[in-house]
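Below is one structure; the comments refer to it alone.
The values are calculated or read from the model by the stated rules, or taken from the named source; none is laboratory data. Model, not experiment: these values are computed from the prediction. Methodologically, a virtual Cβ is constructed for each residue, glycine included, from the backbone with ideal geometry; neighbour enumeration extends over all protein chains shown.
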Amino acid sequence: MVPESTGSASFMRRLLRFSRLQRSFESPRYLLKWLVLSSLIGIVAGVGAIVFYMAIHYANHWFIEDLVGYVQPSPAGEGPTTVMSFWNSARPWLLPIITTLGGLVAGFIVFTWAPEAEGHGTDAAIKAFHEGTSIRARIPLIKLVASAITIGTGGSAGREGPAAQISAGFGSIMANLLHLDAQDRRIALATGMGAGIGSIFSAPLGGAILAAEILYKDDLEVEAIMPALIASIVGYSIFGAYSGWHTIFSVPADLAFSSPPQLLYYVVIGILCGLIGRLYARGFYGLTDRFHHLALPNWVKPALGGLLVGLIGLAIPQAIGMGYGWVQVSMGAGLLSLPLWVILLLPFVKILTTGLTVGSGGSGGIFGPGMVIGGMVGAAVWRLSYHVLPGLPAIPGPFVIVAMMALFGGIAHAPLAIMLMVAEMTGNLSLLAPAMIAVSISSILVGKDTIYMSQVNTKADSPAHRLQMSFPLLSTLTVHQAMAALKLCFSTTQTVADAEQMLADDVVSGAPVVDDEGNLQGVVTQADIQRIPLAERAERPIKEIMNTEVLTLDSYATLDEALEQLTSARVSWAPVIEHDPFTPERKILGILTAASIAQIYRKTLAKDSRRMRGVVEGTVMVEAKIEAQAPLVNKPLREAGIPAECLIVSIRRAGELIFPRGSSVIQAGDTVTFLVSPHAEERLQDYLANRLAAVPVLQAS
């Protein structure tokens, strides 16, 4: 760990480093920590959304509106919804040239300075979460510029992916600066992802839930929800202050689900959205694979994709750009003004143009196009049924809204988040009931297909949680229980030769360096010593060669987190410190090694008891089978002398659950569950093994 230094960054690092066992929003200190972190992430998400939104707007104005002379319809909350004939524009023939140049410039920027910024940013952020990697500081800026150029020159892409990667990148950068632990680092990244999407879509609740839901196909990262809510609300407030507080899409205030027979139509929509959602994922990644195998420089491929998009746009201009305006048009009577063949082809052509834009290496999101594809599926169902089938809604709006939810909610494996986001984007909650039917059917048909290839099935499949899931017992044991006492340490005034001799005598690879007050200053290892010429070792002081960037562990951290940190740092031991977040002092308490973790793991497994987290913060539950020699056998509980800070929760006898009273008598063979404080657990184990004299203490009533 980097030693504390003066300045605001040092103060923040001390303020925000808390015990692993306090990871609960019931803890005021943990809540304060994430109020600060989430607010910072939310501020960046809001400001980033404003800058990105303006960059897209100006790029589109310069290239498409001024040069081509074509004005695309906008969603009602962002501009005029007027439909203009493409061939009435001033220079329609310029469109393929503009889209080609846009792809060329964006491709050059990305593949020159940040190749990992190619494609859609959300998937890159999900991958960084699971693998525990950091997002480079340059990525947010590169992603913003390249995506604004791609989208602003007519590329078929969404703005959510770049927004997510911009704020997720800041979360990652902030975690590095503050030296947050591995779990908090991941939460900060997920929080930024949700805040970015929630801000730019004016959907803070949906964005927060998306941060937890989009990481897995069949699971949730529950720990990310509260930080993401805070960050999303802050980001939304900042973006709303700039763009206004209206919803993106405008729908009639009386739009509601009021006819149960219409559920049959929503079943059909769910089926179509599930099937077309699978086509979207497979078509997109099929095109991506084709571009990866093209024998062309990577930075040229987005130009080729842009050329093909521009040529398609000459025939179907509705397929270029973000396409949100066409969703707005399709929600009302304007749908009847569109040719039927355009309505029917647009979902499939949009899949093609999105694959050509983003799959070629261009920069942009696939979330927005997914909702446009879904909305146009709903519009096509309404248009084909209009004046043919009975009981249709008066306008296509309900079908469009529900299909937006169903298609992308299914293929993204984020049904709850997408339903909430679309509801916030349209200001309509009354359609959630039929949407549940359509989204459920779509999700079933999608199966394990996904538009985000970095998603994993559950937490157990994620490297972020694999250790905890593989060894759940470690999450109930603390570093304090496994650490060894400090037997060897150096002072800063000792020489390198002294350290070499002491390490050889104790047959260890390294030891900590402490000051006169016992505060950790650094670590010296055999490898550090071997780098010093033999003739200089007797004169060189340890403080000149010690490593100050030292991994340290909190004594109340859990062993699963400690083992993950040791593994990530590729070290076999680390000092355990008592850290006061409001002072620079780092009192060293002992040493934790990988061997000591394995030892206590085996020792705990060997006991005839089961250990788990307690339902009360700061406690654990111990389940033990009572042996005949235990001192509480055949005695009323009030006379059993159970150690202090231990409470009997339940007794299981011959398959029957007994709730204890003071008069209850424990029998040999009973399985008893105790609620105990961590530091009293060892006394309880000694008591059950009859190694501790019973003390008359009333523990049950």
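Specify which of the listed residues (Phe408, Phe348) is within 29 Å of Glu118 (Cα to Cα) and surrounded by fewer than 20 Cβ atoms within 10 Å (Cβ to Cβ).
Residue meeting the stated conditions: Phe348.
For region 198-206, indicate whether the set of residues that are in contact with a Leu (Cβ under 6 Å, 6 or more places away or on another chain), of a type outside the set (S, T, N, Q) and at pLDDT 90 or above is non-empty.
There is at least one residue in region 198-206 that is in contact with a Leu (Cβ under 6 Å, 6 or more places away or on another chain), of a type outside the set (S, T, N, Q) and at pLDDT 90 or above.
Take the conditions of a type in the set (Val, Ile, Thr), modelled with pLDDT of 90 or more and assigned by TED's automatic domain parsing to the domain that holds Gly171 and apply them to Val36. Does it pass?
no
Only residues in region 249-272 that are touching a residue at least 40 places away in the same chain (Cβ under 8 Å) count as the first member; pair them with residues that are of a type in the set (Val, Ile, Thr) and not in a helix (DSSP H, G or I), Cβ under 8 angstrom, at least 6 apart or cross-chain, and list the lot.
Sorted first by the residue in region 249-272, then by its partner, the pairs are Pro252/Ile395; Leu255/Ile395.
What single numbered condition from (1) at negative phi; (2) touching a residue at least 60 places away in the same chain (Cβ under 8 Å) fails to hold for Gly518?
(1)
Of the residues in region 120-157, how many are at positive phi and surrounded by fewer than 24 Cβ atoms within 10 Å (Cβ to Cβ)?
Selection size over region 120-157: 1.
Residue check, Ser85 against (1) farther than 29 Å from Gly375 by Cβ; (2) surrounded by fewer than 20 Cβ atoms within 10 Å (Cβ to Cβ); (3) not charged (D, E, K, R), all met but one. Which one?
(1)
Listed here are the residues, each with its yes/no results for (1) outside any loop (DSSP other than H, G, I, E, B); (2) in contact with a helix residue (DSSP H, G or I) (Cβ under 6 Å, 6 or more places away or on another chain); (3) of a type outside the set (Ser, Thr, Tyr).
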site	(1), (2), (3)
Ser38	yes, yes, no
Ile50	yes, yes, yes
Pro75	no, yes, yes
Pro96	yes, yes, yes
Leu101	yes, no, yes
Leu104	yes, yes, yes
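Select from region 507-529 the residues that are under 23 Å from Arg570 (Cα atoms) and exposed (fewer than 11 other Cβ atoms within 10 Å of the Cβ) and list them in ascending order.
Correct list: Val507, Ala527.
Within region 236-243, does at least one residue satisfy the condition of being at pLDDT below 95 and aromatic (Phe, Trp, Tyr)?
Taking every residue of region 236-243 in turn, at least one turns out to be at pLDDT below 95 and aromatic (Phe, Trp, Tyr).
Results for (1) at negative phi; (2) polar (S, T, N, Q); (3) crowded, with 19+ Cβ neighbours inside 10 Å, shown as yes or no for each residue.
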{"site": "Val234", "(1), (2), (3)": "yes, no, yes"}
{"site": "Gly240", "(1), (2), (3)": "yes, no, no"}
{"site": "Ala253", "(1), (2), (3)": "yes, no, no"}
{"site": "Ser259", "(1), (2), (3)": "yes, yes, no"}
{"site": "Leu263", "(1), (2), (3)": "yes, no, no"}
{"site": "Tyr266", "(1), (2), (3)": "yes, no, yes"}
{"site": "Leu272", "(1), (2), (3)": "yes, no, yes"}
{"site": "Ile276", "(1), (2), (3)": "yes, no, yes"}
{"site": "Ala281", "(1), (2), (3)": "yes, no, yes"}
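Quickly run through region 497-510 and pick out the residues that are of a type in the set (A, V, I, L, M, F, W, C), touching a residue at least 12 places away in the same chain (Cβ under 8 Å) and either over 16 Å from Gly590 (Cβ atoms) or touching a Pro at 6+ places or on another chain (Cβ under 9 Å) (or both).
Ala497, Ala499, Met502, Leu503
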